[in-house]
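Undergrad: The structure follows.
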Amino acid sequence: MEQVRADGFDEFAAARWSTLLHVARLLTGGDRQRAEDLVQEALVKLWFAWPKIADQAPEAYVRTVLVRLAARSARRRWWGERPVEQLPDRAGPVDVSSAVAERSRLEAALARLSPKQRAAVVLRYYEDLPEAQVAQVLGCPVGTARSHASRGVARLRQILSDAARPVT
């Protein structure tokens, strides 16, 4: 039974891990630890559904699970202890490239969107999914998904342009 279930799952998980992690990171507003937790939880759910999903669309299934888990996670008030990459009392090496700074700026802007807008923007423009598929993943009509994406992009533009304006 376990061998039947494992056929193809390991390869799928290994091949898609980095992409799923990046999508989850965007959905969580750049929080790597929460993103890793989301991907792991999504893959656990996929594992149990693998015999039914393997021949159909495991990518779409795990993406839907990720979005739903991110939305549920965003509604929580407290996630417990929050691990950080570096200890606050240590000065780390300063090697910041413009690409990393721009990505961090975008992740911070994404974090300020509502969970639905963030999911719609990530799925539509990062994952390059058609509007119908974004609506299916979000569980809403196409017009609503289009509206979430449009308002999310408008809000991102506003956030990013406000951040770029010099303080006088």
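The values are calculated or read from the model by the stated rules, or taken from the named source; none is laboratory data. Everything numeric here is computed off the predicted structure, so don't read it as measured data. Accessible surface areas use protein heavy atoms only, side chains included; no ligands, DNA or RNA. Shrake-Rupley method; radii C 1.70, N 1.55, O 1.52, S 1.80 Å.
Undergrad: Over the Cα atoms of segment 97-146, how large are the radius of gyration and the largest Cα-Cα distance (Dmax), in Å?
TA: Both quantities, over Cα of segment 97-146: 12.5, 41 Å.
Undergrad: Would you kindly find the accessible area of Tyr126, with a 1.4 Å probe and non-protein molecules such as ligands, DNA and RNA excluded, rounding to the nearest 10 Å²?
TA: Estimated to the nearest 10 Å², Tyr126 gives 100 Å².
Undergrad: Short version: ³J(HN,Hα) in whole Hz for each residue of segment 128-136, in order, from phi by Karplus 6.51 cos²θ - 1.76 cosθ + 1.60 (θ = phi - 60°), x for Gly and Pro, what are they?
TA: For segment 128-136, the Karplus curve yields 6, 7, x, 4, 4, 6, 4, 4, 5 Hz.
Undergrad: Leaving ligands, DNA and RNA out of it, work out the accessible area of Leu110 with a 1.4 Å probe and give it in Å² to the nearest 10.
TA: The accessible area comes out at roughly 10 Å².
Undergrad: Something else now. From the phi of every residue in segment 142-148, what ³J(HN,Hα) in whole Hz does the Karplus formula 6.51 cos²θ - 1.76 cosθ + 1.60 yield, where θ is phi - 60° and glycine or proline is x?
TA: Computed from phi, the couplings for segment 142-148 are 4, x, 5, 4, 4, 5, 4 Hz.
Undergrad: Of Glu59, Glu107, which has the most accessible area and how do the rest follow, probe 1.4 Å?
TA: So the residues, ranked largest to smallest area, are Glu59, Glu107.
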